[in-house]
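Notes follow once the structure below has been shown.
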Amino acid sequence: MTVTAAEALAGQLESYGVEYVFGTCGHTNIALLDALGPSSIKFVIARHEQAAAHAADGYARASGKPGVLLTHVGPGMMNAVTGVATAALDSIPLIVISGDIPSYYAGRHPHQEVNLHADADQTSIYRPFTKRAWNVHRVQDLARTTERAFWTAASGRPGAVLVNVPMDLFNRQVEEYAGEYPLPGGATLPGLDRAIAERIAQTLLSAERPLVYFGGGLRDPAARQALLALAEHLDIPLAHSLMGKGILPDSHPLLLGMPGFWGLDTTHEYTKGADVVLALATRFAETDASSWDPAYTWTFGDKDSPPSKLIQIDIDPAEIGRNYPVEIGAVADVGDAVRAIGDAVRTARPEPLRRPGLRDTIATARRAVFDTARKDGRSDNFPLRPQRILADLRDALPDDAVLVTDVGWNKNGVAQCYELPEGGRFITPGGASTMGFGPAAAVGVQMAQPDRVVVALIGDGGMSAQLPAVPMAVEQGLPVIFVVMNNRAHGTIADLQASSFGRSYGCEFTDTEGRPYSPDFAAFGRSCDADGYTIASPADLSKALADAIARRRPAVIDVPMVNEPVPTPGHWNIKDIYRGSFAD
């Protein structure tokens, strides 16, 4: 039976288990939209392509399945660039299907074509950050290309891919999709060589001050259990990157927390003092590594510091030794690697090792951090201190709630001093640190996990950047709670500028008279048919949160907040740059 290529593609997406396609319409993709209509796949219209990309990203992070994004030619797919790059830099599987100009108009510069340097050149825009960008030239190649796209996005180190389709191909006649291009079944990631596992085990066993440092690539529950078993058997302290927050519960007695610019002094005592560091699925990002300055966080290869050996395991060979010299490096699935190392450790030493006083020292330091945040959170100052907002959230939210953040206090403060309970989830944009990620990503998260409480914790800058997220939540009937930490500024940058230049010009929102200005976000929420709450006193926030959680409707909570910097015990070299002193 012959059907249009768009109808065949819809059938292929169904066979791959696609539940949702996020995006916006345009004349180049309406044939595919029409084909999706009678299918089991739901199209989620987002009003703006960046919002659609973040929503697809959030869905992928929460569901573990690839997100699928549909865009239009030219301005449509360019609007999505920031969202797609955010997913790509955080290793999130995302498939972008973009309509393009008709193939028979190639070279004539038709409407909305990207053609300043080459004809029909829009895929070039995506090549710097996608794993692969395909131009489909023949309708016969569409099904095979789609299969390659799904496989490439999800295999190895996951990431974003682009399938670019001239609009006329969608309406060409093809045979109905009948499973001709199934996704590869039973594919496995590379395991850790058992001889290397034994060598790593011996290195850890002989270390006096070992440390495990893990990143966001350890989301698989079995990998998390293997990590816990290894750390508890050897009594090894644990530190996590920003993206690793929430992989283990903050209450674990061996968990130090996060190092780097927003890290903690106690964590840095261990990172600088470790003689062996086992690094798992982390790229040693600049802010997690204090701009790689050995005076603050990691001392690998520094001749003026005590010797420190690095064992690095990652699925991406490009990350091995990228920022620090490696004693032992391995390209492997981190879950398999941790299990193999744990087996080798228990074979060599069946009895658990105990380091007297270690857990008590860590617990005391961690308790001090959380207690200090709680103490600051008891402040009845108004506008609220950010610690008060986090404390009220912690008290109001169920333990399995998902916090989706943006950038600023909502990201850095949560990572540093919000005690995430076991079962809770923290989702944030790491690699790109994208303002505007939180609102729409939370919508995607809620679609993937409809029964959980999902909170988009964002600043007023991030909320202003992605207002389409609220009507998207309303249209989909999703009870996302948008909590806007409203300091009427791009607060983090305002603080940085003020500390370096004595003023924060261009960072604060003001009216024509120079007075602080902010939209009424609660009124905006109500105008979209969401619930809207304006916080007018310190006690209002906890009441609003309780009401929003109980009502299970989309809600916008506008929280006036004082601009207060997140403590930064580490180092970030942009401070030096501001002062005119550049790194060597």
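The values are calculated or read from the model by the stated rules, or taken from the named source; none is laboratory data. The structure displayed is predicted, hence computed values, not measured ones. Please note: Cβ atoms are built from the backbone with ideal geometry, for glycine as well, and neighbour counts cover all protein chains shown. Just the protein is used for accessible areas: all its heavy atoms, side chains included, with ligands, DNA and RNA removed. Shrake-Rupley method; radii C 1.70, N 1.55, O 1.52, S 1.80 Å.
Pairs please, first residue from the stretch 294-311 and within 18 Å of Asp265 (Cβ to Cβ) and in contact (Cβ under 8 Å) with a residue 40 or more places away in the chain, second anywhere and of a type in the set (Val, Ile, Thr) and open to solvent by less than 40 Å² (accessible area, probe 1.4 Å), Cβ atoms under 6 Å, 6+ apart in sequence or on different chains.
Pairs that qualify, where the first residue is within 18 Å of Asp265 (Cβ to Cβ) and in contact (Cβ under 8 Å) with a residue 40 or more places away in the chain and the partner is of a type in the set (Val, Ile, Thr) and open to solvent by less than 40 Å² (accessible area, probe 1.4 Å), are Thr297/Thr271.
Does Val470 qualify as being buried (at least 19 other Cβ atoms within 10 Å of the Cβ), in a strand (DSSP E or B) and either modelled with pLDDT of 90 or more or not hydrophobic (A, V, I, L, M, F, W, C) (or both)?
It is false that Val470 is buried (at least 19 other Cβ atoms within 10 Å of the Cβ), in a strand (DSSP E or B) and either modelled with pLDDT of 90 or more or not hydrophobic (A, V, I, L, M, F, W, C) (or both).
Can you tell me which residues in the stretch 76-94 are touching a strand residue (DSSP E or B) at 6+ places or on another chain (Cβ under 6 Å) and outside any helix (DSSP H, G or I)?
Hits for the stretch 76-94 are Ala80, Leu94.
With the stretch 341-435 as the region, which helices (runs of 4 or more DSSP H) entirely inside it contain at least 3 residues that are surrounded by fewer than 20 Cβ atoms within 10 Å (Cβ to Cβ) and among the hydroxyl-bearing types (Ser, Thr, Tyr)?
Result: 358-376.
Go through the residues of the stretch 310-330 one by one and say whether even a single one is open to solvent by less than 40 Å² (accessible area, probe 1.4 Å), closer than 13 Å to Pro210 by Cα and assigned to a loop (DSSP other than H, G, I, E, B).
no
Say we look at the stretch 473-484 and pick out the residues that are closer than 18 Å to Gln50 by Cβ and out of contact with any Pro (no Cβ under 8 Å at 6 or more places or on another chain); which of these is least open to solvent (accessible area, probe 1.4 Å)?
Result: Gln476.
Can you name the number of the only condition in (1) at positive phi; (2) part of a helix (DSSP H, G or I) that Ala498 fails?
Ala498 satisfies all of (1) at positive phi; (2) part of a helix (DSSP H, G or I) except (1).
What are the residues in the stretch 1-31 that are open to solvent by less than 10 Å² (accessible area, probe 1.4 Å), in contact with a Ser or Thr (Cβ under 9 Å, 6 or more places away or on another chain) and of a type in the set (A, V, I, L, M, F, W, C), if any?
Of everything in the stretch 1-31, those that are open to solvent by less than 10 Å² (accessible area, probe 1.4 Å), in contact with a Ser or Thr (Cβ under 9 Å, 6 or more places away or on another chain) and of a type in the set (A, V, I, L, M, F, W, C) turn out to be Leu9, Ala10, Leu13.
What strands (runs of 3 or more DSSP E) lie completely within the stretch 179-266 and have 1 or more residues being among the hydroxyl-bearing types (Ser, Thr, Tyr)?
Passing ranges, in order: 210-214.
Report yes if some residue within the stretch 236-253 is over 26 Å from Gly64 (Cβ atoms) and among the β-branched types (Val, Ile, Thr); otherwise report no.
Yes, the conditions are met somewhere in the stretch 236-253.
Could you count how many residues in the stretch 50-89 are charged (D, E, K, R) and open to solvent by less than 20 Å² (accessible area, probe 1.4 Å)?
Within the stretch 50-89, residues that are charged (D, E, K, R) and open to solvent by less than 20 Å² (accessible area, probe 1.4 Å) number 1.
Could you please find all residues in the stretch 116-140 being without any contact (Cβ under 8 Å) to a residue 12 or more places away in the chain and either touching a Gly at 6+ places or on another chain (Cβ under 9 Å) or among the hydrophobic types (A, V, I, L, M, F, W, C) (or both)?
Residues satisfying the conditions are Leu116, Ala118.
Quick check on this structure: which one of Gly444, Gly506, Gly438, Gly477 is at positive phi, at pLDDT 95 or above and not polar (S, T, N, Q)?
Gly477
Ala546 - would you say it is within 19 Å of Asp395 (Cα to Cα), touching a residue at least 60 places away in the same chain (Cβ under 8 Å), among the small types (Gly, Ala, Ser) and outside any strand (DSSP E or B)?
yes
For the stretch 514-548, name all the residues that are of a type in the set (S, T, N, Q) and under 20 Å from Val453 (Cβ atoms).
Ser542, the sole residue that qualifies.
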